[in-house]
Amino acid sequence: MNAPPSIPSWSQPPGIRIENLTLRFGDETVFENLSFEIEGGSFVALLGPSGIGKTSLLKTIAGLTPPVAGCISASDGAPLAHRIAYMGQQDLLFPWLSVLNNVMLGSRLRGEKPDRARARALLAEVGLAERADALPATLSGGMRQRAALARTLYEHRPVLLLDEPFSALDAITRARLQERAAELLRNHTVLLITHDPMEACRLSHQLRVMTGYPATLGEPIEVPGATPRAPDDPALLNLQAELLKRLLAGSET
Amino acid sequence: MKNAVLIAARSLAIFAGFLMLWQAAISLFAIPPYLLPGPADVAAALWTGRASLWSNMLVTLAEILLGLGFGVLVGAATALAMTAVKPLRRWLMPVLIVSQAIPIFALAPLLVLWFGFGMASKVIAAMLVIYFPVTATFFDGLRRTGAGLLDLADTMNASPTRILWHVRLPAALPAFGSGLRVAAAVAPIGAIIGEWVGSAGGLGFVMLNANARLQTDMVFAALFVLALLAVALWAIVDRLVKWLIFWPPETGQG
């Protein structure tokens, strides 16, 4: 356990296989027979209009919302439970816990011995070493999201589900945090929901667009090159335009 | 510090103004002292009766504190039980409503009949008065834990017991704090009503006796001590709640 905390100890994160997934809320079908696969170790961004069911899909994969039908499994055959960490739009820091204790929340909730050294190291990775003992209320929005990121990484799980984690931040803070996240999230299988085409293009290996009622997934768009990509990369700008076109087309149907 | 001085000065000014109005009304309408004694009469009664007022105040204080302690314990336990065991809600809710709906005035004679003239009946009366606000506010707080916090705890594979202890309970503390404040403010009602119905000590007992002998100045003196007691109690509980809930209120955490 002497490796830096940003480098996870598993050799290969598992992929996620989604087969014939159906989710309904009452009479309303969110999606039906949805099937797709996320390759192990890849970073996939999921885009689409608001209210289409992206968050519902993420919550279903996280095991928070039981599907009506279908199967979610890991590509290596082992169960997915206990291998997924979730980070939402809100930082969900517990206001009565210090930043450090928020990072170690998982240990506390599972009744395990908290790993202070690892939590402190992770806080240092996201630039919050100095604020470990502060209460969340004293942090700025960007700091709070970084603390939430450290808490997500502390869970030490190969699969990460991120629901617009950076959407509430200003453009500069967001760009910085994206770069940090891209490094810290290497060697994880990541599914990221975002409304920001730029964010999707900078961070991910593959883009998926969700459209329609009930929702379906468009063909995957592969994004070549190493992440995080520079925001002024011409290829990235082209792709961003293409993506925006698709999103606009999708929202008309 | 400057603030505290200001608050003290303002309180004093209000108090002095009130005393002057009081004295003015008596002089103006020539109210006899057995109907409404003047501030000086009440002050004299306070001084001459100080020993008896002090010892009776201690009786009432003990009743209130015991009632508060047990009431908060039983109320918090009820709220926790209703949160942890869902079927209990349907069974306990009616009990809770009834505990609030039956006026304590109607119940006090029965309590004295059952538990005697001593402290027990007053402690139970105070308990009954505060049971509902404590249980209702705490239960509400426990139920309204942000869905986001619960989802997060769920993805961290927390057991329901740990979620209750580490998530729901602290998240419900602000609501519990409001319940405690209300409880501190109304607990004296229960104790005093219990004393009025039948007792051998306490400020209610002093008032009852003085009232029967038309010693109106002593009734006012006892009321004054009771008011001081109530304000002090509320201030202490308020401090305690602020210390317990040290984090600032959050907004928009689902």
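The values are calculated or read from the model by the stated rules, or taken from the named source; none is laboratory data. Quantities reported herein were computed from a predicted structural model and do not represent experimental measurements. Backbone-built Cβ (ideal geometry, glycine too); neighbour counts: all protein chains shown.
General observations
- Filter pass, B:Ser11 being of a type in the set (S, T, N, Q), surrounded by fewer than 16 Cβ atoms within 10 Å (Cβ to Cβ) and over 21 Å from the mean Cα position of the chain (by Cα): yes
- Qualifying residue in the range A:62-72 (condition: in a helix (DSSP H, G or I), crowded, with 19+ Cβ neighbours inside 10 Å, touching a residue at least 24 places away in the same chain (Cβ under 8 Å) and at the interface with chain B (Cβ under 10 Å from one of its Cβ atoms)): yes
- Summed over the range A:23-61, the residues that are closer than 22 Å to A:Gly218 by Cα, charged (D, E, K, R) and in a loop (DSSP other than H, G, I, E, B) give a count of 1.
- The residue that is surrounded by the most Cβ atoms within 10 Å (Cβ to Cβ), among those in the range B:125-139 that are hydrophobic (A, V, I, L, M, F, W, C) and closer than 27 Å to B:Gly204 by Cα, is B:Ala126.
- Residues of the range A:208-235 satisfying the condition of being under 30 Å from A:Asp27 (Cα atoms) and outside any loop (DSSP other than H, G, I, E, B): A:Arg208, A:Val209, A:Met210, A:Thr211, A:Ala215, A:Thr216, A:Leu217
- Criterion violated by B:Ile163 - all others in (1) under 25 Å from the mean Cα position of the chain (by Cα); (2) more than 26 Å from B:Val112 (Cβ to Cβ); (3) buried (at least 16 other Cβ atoms within 10 Å of the Cβ) satisfied: (1)
- Which listed residue is free of Cβ contacts under 8 Å to residues at least 24 places away in the same chain, surrounded by fewer than 21 Cβ atoms within 10 Å (Cβ to Cβ) and not in a loop (DSSP other than H, G, I, E, B), from A:Glu112, A:Glu130: A:Glu130
- Complete set of residues in the range B:170-192 that are touching a residue at least 40 places away in the same chain (Cβ under 8 Å) and surrounded by fewer than 22 Cβ atoms within 10 Å (Cβ to Cβ): B:Leu173, B:Pro174, B:Gly177, B:Ser178, B:Arg181, B:Val182, B:Ala185, B:Val186, B:Ile189
A quick yes/no check of all residues on (1) modelled with pLDDT of 90 or more; (2) within 19 Å of B:Thr83 (Cα to Cα):
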| site | (1), (2) |
| --- | --- |
| B:Pro160 | no, yes |
| B:Ala175 | yes, yes |
| B:Gly179 | yes, yes |
| B:Val186 | yes, no |
| B:Ser199 | no, no |
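- Within the range A:141-185, the residues that satisfy the criterion of being part of a loop (DSSP other than H, G, I, E, B) and in contact (Cβ under 8 Å) with a residue 40 or more places away in the chain are A:Glu155, A:His156, A:Arg157, A:Pro158, A:Glu164, A:Pro165, A:Ser167, A:Ala168, A:Leu185.
- Set side by side, the residues B:Leu96, B:Leu113 differ, and just one is in the same structural domain as B:Phe70 (by TED's automatic domain parsing), part of a helix (DSSP H, G or I), surrounded by 14 or more Cβ atoms within 10 Å (Cβ to Cβ) and free of Cβ contacts under 8 Å to residues at least 60 places away in the same chain, which is B:Leu96.
- Pairs, first within 16 Å of A:Ile38 (Cα to Cα) and more than 8 Å from every other protein chain (Cβ to nearest Cβ) in the range A:76-98, second among the β-branched types (Val, Ile, Thr) and part of a strand (DSSP E or B), C-beta under 9 Å, six or more apart: A:Leu80/A:Ile16; A:Leu80/A:Ile72; A:Leu80/A:Val159; A:Arg83/A:Val159
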